[in-house]
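One structure is given here, and the rest of the page talks about it.
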Amino acid sequence: MGQDPSAPGAAVTAARCPWCSAELSDAASASCPSCGATLVEPDASVPGVNALDAESISRAARIATPIRRSRLLSWITGEDDSEDEVPAPPGSLAPPPPEVRREMARLELQAEYANLQAEAESIVSEAEVEARGASRRAADAATPAAQPPAPIEPAADDPGSPAEPH
């Protein structure tokens, strides 16, 4: 099938740049003459680029606290495990005392009275508007149709009127 490159009759292939596939004149060159890419890795290790940064790994291991989620999202997903909540004090959910309930009922009745009074006033004003409209229609029906007024001729000595040709 294919030829063995170590065989005596095999053709020698030239080295190529792995970035732009240009043919390299020297296989051991440090950079590509065509695209300028670095072909030889540097001997020094660069943390985060070609080597693991041990300091950042140990720092990440020390900061292993979970990210605090919002309380609403935690409540929805059922992962709410916060112990910092204080239970409600006794009696905080008890019904209000009688004097507070009495004041609430008084305010509710006062609001209902104001709503009814405003509704009654609007009914009266609508009836007045309807009565005025009916009386105008009746007055218009009783008046005979008037002839259109004659056009008004400007006075001869009026300074604002155009002069008539003679």
Total formal charge among the other residues, if their Cβ is under 13 angstrom from that of ALA105, Lys/Arg +1 and Asp/Glu -1: -1
Pair-distance profile P(r), taking every C-alpha pair of the stretch 96-140, with 10 angstrom steps and integer %: 24, 23, 20, 15, 10, 5, 1
In Hz, Karplus ³J(HN,Hα) per residue of the stretch 27-38 (6.51, -1.76, 1.60; θ = phi - 60°; x = Gly, Pro): 5, 9, 5, 7, 9, 7, x, 7, 10, x, 6, 6
Built amide H within the under 5 Å cut-off of ARG16, gap 5+: LEU24
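Read-outs throughout are calculated quantities, based only on the coordinates presented, and are distinct from any laboratory measurement. Just so you know, these numbers come straight off a predicted model, no measurement behind them. Ideal geometry is used to build each Cβ from the backbone, glycine not excepted, and the neighbour counts take in all protein chains shown.
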